[in-house]
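The values are calculated or read from the model by the stated rules, or taken from the named source; none is laboratory data. No experiment lies behind these values; they were computed from the predicted model shown. Note: ideal-geometry Cβ built from the backbone for every residue, glycine included; neighbour counts use all protein chains shown.
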């Protein structure tokens, strides 16, 4: 037992937390309206998220353990702050809260009122409020759960001693379960038997349906969130998505939140693991090697192309492959930068690839965050058929150069060489014909379609938010839809043309120091969308400060910044100190304006970020 005197309470700036307001109202509270005053005495963690964002989904999973461990002192409040038009619909937010197993109150803030009050500029952002109602920390990006857990323990001790900590049950009220056969299914696969295999994502199972696409033949997986191999009854998944039939007759499963590729033996129902460790991949981790030893990051779909299993690695904006012969994985395309850049595989940029479909000559993919349809050829080059960038989306038919999707999650190769796109946030099934370069609409009023499979002369659509499979005839007469274009109104930093000083601020956590044993312990990577925005300063270096030269001819764009620092425990008596890697990525929207700032400071997590 340690009888040492307690450390002095750290002094923190006293910044009162703004009230939580949003026109969409509250979810998971039993219709009760919450206020910060009611939560006084509890530690409140406010999670600004939007359900299209895979980094936000990562944070939801990071917070689960903390939420459970400190359930009597901590209240997590989600503030849903939409990017896409569809995400501003209240029912869509209600669906997303159930879909991703959010077990805390969520404020629907469609007009970004609370986002603006807290001066939030990125998804996701976490804000910590102490029991007296003051903001004590703010973290942008993912990977901060460990730092917040330490802060929570400090706050518990501090406010227990002051008598300002109030323990007890939180305001979370779970929704009533719905008795549907499927619950937010993700992807589907036509089996050789004529049955359908569906990833029943929210129930953490795979479900085999009969040829009528309705009758349940069997369920595979325990139905409890977990990561275990075994029989159909004992194996467990964690929000599974993509499915692909392998040459040996088994099925590869993208087990998304387990960051793993699983194998289902259709004959026996046995589930095993092909790739992944269960841990999420981070910058600096290996990107190739024995499949069971390499970390993955939110694999969302799988397809067999060129003798390998291709994986849409949504969590890191890349395509990876699994080789069944050597049982190895490797990066096949993408740099981990988020955006839309075509070219050789090693130079291409993706933005949350979420759907795959293979033909003999092309691997088609739905690149969801750029609302794009793209493809990879046999030589590994990446091309874009439809889509222009991260912030342009809508529902518009016509020539590919003018057509628009809204966050598509699925793509299906059709017999005539055209492609069906599950245009998820437009609730539509669309068709792109490479021979004409035209996009048409096949059907609308499909609630969040996330995938589709061919079955004879029909196409069977996964209507995720209606919890069912829906049959459509092919070809279907196009439904006329009014063309609507959107551009995300995200707060941009106004910067002056010319020289911009970028400073990434990092301070090793208490008890640690920079690890310089093997050379520089920091790394900074900078790029931009469009690439012409940066006249100088692009690329990688070890200095966390850099002078950028912004092109005055470009009115606005996004600076992509990735920073890393390594620190080790500062204990000279320990010959083998524990070491830690701190890494963060930012996408910073900027607008070139005379009189704008000439300095851009960014804080790399690792230091105690308190106002």
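Any idea which of (1) at pLDDT below 95; (2) under 27 Å from the mean Cα position of the chain (by Cα) is the one residue 169 doesn't satisfy?
(2)
Any idea which of (1) surrounded by 24 or more Cβ atoms within 10 Å (Cβ to Cβ); (2) in contact (Cβ under 8 Å) with a residue 40 or more places away in the chain is the one residue 351 doesn't satisfy?
Going through (1) surrounded by 24 or more Cβ atoms within 10 Å (Cβ to Cβ); (2) in contact (Cβ under 8 Å) with a residue 40 or more places away in the chain one by one, residue 351 breaks only (2).
Could you list all residues from segment 167-180 that are surrounded by 11 or more Cβ atoms within 10 Å (Cβ to Cβ) and out of contact with any helix residue (DSSP H, G or I) (no Cβ under 8 Å at 6 or more places or on another chain)? Quick ask: steps written out before the conclusion?
Of segment 167-180, the ones surrounded by 11 or more Cβ atoms within 10 Å (Cβ to Cβ) are 167, 170-173, 175, 180.
Within segment 167-180, 167, 170, 172, 173, 180 qualify.
Assess whether residue 496 counts as being in the same structural domain as residue 559 (by TED's automatic domain parsing) and modelled with pLDDT of 90 or more.
In short, yes.
Would you call residue 176 free of Cβ contacts under 8 Å to residues at least 24 places away in the same chain and under 26 Å from residue 466 (Cβ atoms)?
Yes: the conditions hold for residue 176.
For residue 282, work out the one condition from (1) over 20 Å from the mean Cα position of the chain (by Cα); (2) modelled with pLDDT under 95 it doesn't fulfil.
Tallying (1) over 20 Å from the mean Cα position of the chain (by Cα); (2) modelled with pLDDT under 95, residue 282 fails exactly one: (1).
Within segment 397-416, count every residue that is closer than 26 Å to residue 186 by Cβ and either touching a residue at least 40 places away in the same chain (Cβ under 8 Å) or part of a strand (DSSP E or B) (or both).
Qualifying residue count for the region: 10.
So how many residues does segment 369-396 have that are without any contact (Cβ under 8 Å) to a residue 24 or more places away in the chain and closer than 15 Å to residue 341 by Cβ?
The total comes to 1.
Please verify whether segment 96-116 includes one or more residues that are in contact (Cβ under 8 Å) with a residue 40 or more places away in the chain and more than 27 Å from the chain's Cα centre (by Cα).
no
What's the total number of residues in segment 298-307 that are free of Cβ contacts under 8 Å to residues at least 40 places away in the same chain and surrounded by 19 or more Cβ atoms within 10 Å (Cβ to Cβ)?
Residues that pass the stated criteria total 0.
Has segment 118-128 got at least one residue that is touching a helix residue (DSSP H, G or I) at 6+ places or on another chain (Cβ under 6 Å) and surrounded by fewer than 19 Cβ atoms within 10 Å (Cβ to Cβ)?
Looking through segment 118-128, none of the residues is touching a helix residue (DSSP H, G or I) at 6+ places or on another chain (Cβ under 6 Å) and surrounded by fewer than 19 Cβ atoms within 10 Å (Cβ to Cβ).
What's the total number of residues in segment 245-263 that are assigned to a strand (DSSP E or B) and crowded, with 24+ Cβ neighbours inside 10 Å?
Looking only at that region, the number is 7.
What residue, among those in segment 63-81 that are touching a strand residue (DSSP E or B) at 6+ places or on another chain (Cβ under 9 Å) and not in a strand (DSSP E or B), is surrounded by the most Cβ atoms within 10 Å (Cβ to Cβ)?
It comes out as 81.
I'd like to verify a number: residues in segment 181-206 that are surrounded by 18 or more Cβ atoms within 10 Å (Cβ to Cβ) and closer than 23 Å to residue 94 by Cβ, how many?
Of the residues in that region, 14 qualify.
With at pLDDT 95 or above and not assigned by TED's automatic domain parsing to the domain that holds residue 396 as the only criterion, which of 344, 299 stands out? Walk me through how you get there before you give the answer.
On the way: 344 fails: not assigned by TED's automatic domain parsing to the domain that holds residue 396.
One residue alone meets the criteria, 299.
Do you know which residues across segment 385-416 are within 18 Å of residue 460 (Cα to Cα) and surrounded by fewer than 20 Cβ atoms within 10 Å (Cβ to Cβ)? Steps first, please.
Residues of segment 385-416 within 18 Å of residue 460 (Cα to Cα): 408-416.
Answer for segment 385-416, where residues must be within 18 Å of residue 460 (Cα to Cα) and surrounded by fewer than 20 Cβ atoms within 10 Å (Cβ to Cβ): 413, 414, 415, 416.
Residue under question is residue 331, and the condition is that it be buried (at least 16 other Cβ atoms within 10 Å of the Cβ), closer than 14 Å to residue 529 by Cβ and touching a helix residue (DSSP H, G or I) at 6+ places or on another chain (Cβ under 9 Å); does it hold?
Taking the combined requirement at face value, the residue does not satisfy it.
For the condition at negative phi and crowded, with 17+ Cβ neighbours inside 10 Å, what is the one hit in 140, 161, 213?
140
Would you mind telling me which numbered condition in (1) over 24 Å from residue 377 (Cα atoms); (2) touching a residue at least 12 places away in the same chain (Cβ under 8 Å) residue 254 fails?
Result: residue 254 fails condition (1) only.
Which members of segment 122-142 meet the condition of being within 22 Å of residue 505 (Cβ to Cβ) and out of contact with any strand residue (DSSP E or B) (no Cβ under 7 Å at 6 or more places or on another chain)?
Matches in segment 122-142: 142 only.
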